[in-house]
Every structure is written in structure tokens, then in C-alpha cells.
Amino acid sequence: DQDAPPWMQMGGGAALLLSEGRLLMNDNRADDRIGYQTLVGRIEASHRVRLSARVQVYSNFDGRGVIMEISRPGLQVALHLFTDRVDMVERDENGRWRWLATVTADMTSMRDIALEKSSSEEPGGEVVRLLLDDVVRAEAAPHGGSLLEVGRVVVGSLSGPSFGASVWDWIQYDLDGLRAALPVEEPSVGALKAR
């Protein structure tokens with residue numbers, strides 16, 4: 001969609017486009033961060049948002065080594081992807097991650113995964129859902145309270161102490177019908193190497 005904002009790289013860690021068109025994000029140093037964000041400042045409580053990907057997890061130490069996140073002012077929810085499970089969490093007013101749900105899953109092979117946030121205007125208010133292979137596996141009503149003042153969607157490894165390695169076949173979002181994928185195609189090889 002031509003109205004879709006671009007994906008922006010976050011951090012200076014290693015990202016590599018593999019020969020089969022998949023994106024490898026390898027955070028293997030304590031001070032590294034590598035990720036991509038988009039829709040910065042575009043997500044509000046009334047929006048329905050779905051962040052989806054096809055991903056394989058090699059490692060995730062300290063929780064934020066492989067993440068998918070949807071935020072809006074006052075709410076920050078994320079999936080922490082491990083080799084054997086997915087944790088759904090939200091950031092509280094003290095900046096700590098609050099547990100919402102855990103789903104046991106083998107993430108060591110490619111899996112379709114999605115994090116959805118419903119609209120605050122829907123019956124029951126905002127609800128977040130974790131889907132694996134298009135099946136809802138967890139659902140929770142977040143408490144809110146995050147001090148984050150801007151909306152966004154994020155994928156990657158974004159905590160300095162955390163380590164993680166993952167391969168992403170595709171990544172895309174849907175914001176009330178506005179859709180865009182993170183391009184992982186041949187022309188981006190030079191850009192990734194330059195970074």
C-alpha cells in the first residue's frame with residue numbers, strides 16, 4: 001500500500017538476508033540490538049492491529065532476544081518467542097514486563113505466528129490474541145499503564161542484555177485494512193550489508 005509508512009531499522013546488530021530470501025537477525029553480543037519498526041505514531045486504542053510473521057527461533061536468552069510487539073500510547077504488548085514456547089506480555093507503569101499468557105510450542109521450525117490487538121470500541125474493549133498457524137492459542141485483556149507515548153509495531157531483538165537468533169520468512173502488519181510487509185528481497189541485500 002502506498003500510504004504505508006516504511007519499516008525502519010533499530011539498533012546496529014547483525015541482520016543478513018539469506019540466499020533463499022529469509023532475514024536472519026542474530027543478536028549475539030550484550031550491547032547489540034537489531035530490529036525493525038513501523039507505524040510509529042499511527043496506532044491508537046481504537047485501531048485493530050495484526051502483526052504476523054513466519055519465523056524460526058534458534059535462541060532467545062533473557063526474554064527479549066526474539067520479539068514481536070504492538071504498542072499504542074499507554075499500552076505495549078509483546079510476544080517473546082523461545083525455542084519451546086511463546087510468552088505474551090505487556091509493559092507495566094514501572095517498565096517491567098507483566099505476564100499475560102504462555103503457549104507451549106516448538107518454534108525451532110518455521111511457524112506462522114500473529115499478535116492481534118482489537119479495537120477499544122469493540123464489545124469487551126481491547127483484547128490481545130496470540131495465533132499460531134492461524135489458530136487462536138491465547139487471549140487476554142491487557143491492563144495498560146505503559147509509559148510509552150507512541151504507537152508502533154516492532155520485530156527483532158531489542159534489549160541490550162538479551163541474546164537471540166531467528167530467521168524470518170516474512171513479516172507483515174494490518175492496521176484497519178492498511179497492510180504492508182517488511183521487504184526481504186534481493187534489492188535489500190546491499191542496504192543490509194551497508195548497515
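The values are calculated or read from the model by the stated rules, or taken from the named source; none is laboratory data. Owing to the predicted nature of the structure, the values given are computational and were not obtained by experimental measurement. We place every Cβ from the backbone using ideal geometry, glycine too, and count neighbours over all the protein chains shown. Areas reflect the complete protein model, heavy atoms only, side chains present, ligands, DNA and RNA absent. Shrake-Rupley method; radii C 1.70, N 1.55, O 1.52, S 1.80 Å.
Summary table below
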{"quantity": "Most mobile listed residue (98, 72, 64) in the chain, GNM with C-alpha springs under 10 Å", "calculated": "98"}
{"quantity": "Most fluctuating residue given options 161, 73, 123, as computed from a GNM of the chain linking Cα atoms under 10 Å", "calculated": "123"}
{"quantity": "Relative contact order (percent, whole number), the chain, Cα cutoff 8 Å, 6+ residue spacing", "calculated": "32 percent"}
{"quantity": "Interchain or long-range residues, amide H under 5 Å from residue 59's placed H", "calculated": "165"}
{"quantity": "At R0 = 22 Å, FRET efficiency that the Cβ-Cβ distance of residue 141 and residue 121 yields, to 0.05", "calculated": "0.90"}
{"quantity": "Accessible carbon and sulfur surface of the chain relative to its total accessible area, %, 1.4 Å", "calculated": "48 percent"}
{"quantity": "Three-way shape label, segment 49-195, alpha-carbon gyration tensor, a/c 1.5", "calculated": "rounded"}
{"quantity": "Tensor-based shape of segment 1-97 (alpha-carbon gyration tensor, a/c under 1.5 rounded, otherwise prolate or oblate)", "calculated": "oblate"}
{"quantity": "Hull-based mean projected area of segment 51-101, where the convex hull spans the alpha carbons, in square nanometres", "calculated": "3.8 nm²"}
{"quantity": "Karplus (6.51, -1.76, 1.60) ³J(HN,Hα), θ = phi - 60°, over segment 116-126, in Hz, Gly and Pro reported as x", "calculated": "10, 10, 7, 7, 5, 8, 7, x, x, x, 5"}
{"quantity": "Accessible area (Å², per residue) of the chain, counting only protein heavy atoms and a probe of 1.4 Å", "calculated": "45 Å²"}
{"quantity": "Relative contact order, percent, segment 129-181 [alpha-carbon distance under 8 Å, six or more residues apart]", "calculated": "16 percent"}
{"quantity": "Amide H contacts under 5 Å for residue 48, placed H, 5+ residues apart", "calculated": "176"}
{"quantity": "GNM result for the chain, Cα springs below 10 Å: residue of 18, 100, 158 fluctuating most strongly", "calculated": "18"}
